[in-house]
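Some notes on the structure that comes next.
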Amino acid sequence: MKRLKAPVHQELMKKYLKDKKLKEKIESGVGRLKVICQIVELREKLHLTQAELAKRIGVSQPFIARIENDETSNLSLETLFRIVDALHGEIEIRIRPSKKAA
């Protein structure tokens, strides 16, 4: 019997990534998730609970949970700076030409 080869992620995504608007949404989502993962990693490295982080920046624990679960679309730069500062981290912002401009 011939074994079936499962397609890899890139093969599955090829047809979807041809749609430029969908590709932009995916890339935006991936970028957002990278930021969230970095916040969670820093918090856990400091052995802080969500409640402790929330107290440090003056918000509720459920608000931190919504951020970490990507359930909020209104995370301001000010709040991001407060979170990162409370976690003794640094933010690096890089601005570059978009792929659309190329």
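Any read-out appearing in this document is the output of simple, stated calculations on the displayed coordinates, not a laboratory observation. Just so you know, these numbers come straight off a predicted model, no measurement behind them. Glycine gets a Cβ as well: all are built from the backbone with ideal geometry, and neighbour counts include every protein chain shown.
A compact table of results
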| read-out | value |
| --- | --- |
| Aspartates and glutamates with Cα under 18 Å of K14, excluding same-chain neighbours fewer than 8 positions away | E24, E27 |
| Nearest-20 debye value, the chain charge dipole, Cβ charges on Lys, Arg, Asp, Glu | 940 |
| Projected label distance in nm at I95 and S28, using a 7 Å step from Cα toward the beta-carbon | 1.9 |
| The range 1-92 shape via C-alpha gyration tensor axes, a/c threshold 1.5 | prolate |
| Net lengthening on full extension, K21/A51 (0.36 nm per residue, minus Cα-Cα) | 7.1 nm |
| Among S28, L87, Q38 - extreme Cα towards positive end, dipole of the chain, charges at beta-carbon | S28 |
| Prolate/oblate/rounded label for the range 14-56 (Cα gyration tensor, a/c 1.5) | prolate |
| Karplus 3J(HN,Hα) series, Hz, for the range 81-87 with 6.51 cos²θ - 1.76 cosθ + 1.60 (x for Gly, Pro) | 4, 5, 4, 5, 4, 5, 9 |
| Additional length obtainable on full extension of the chain from R3 to L77, 0.36 nm per residue less Cα span | 21.6 nm |
| Flagged links, alpha-carbon separation over 25 Å, of K34/K99; K25/K45; K23/K45; K5/K25 | K25/K45; K23/K45; K5/K25 |
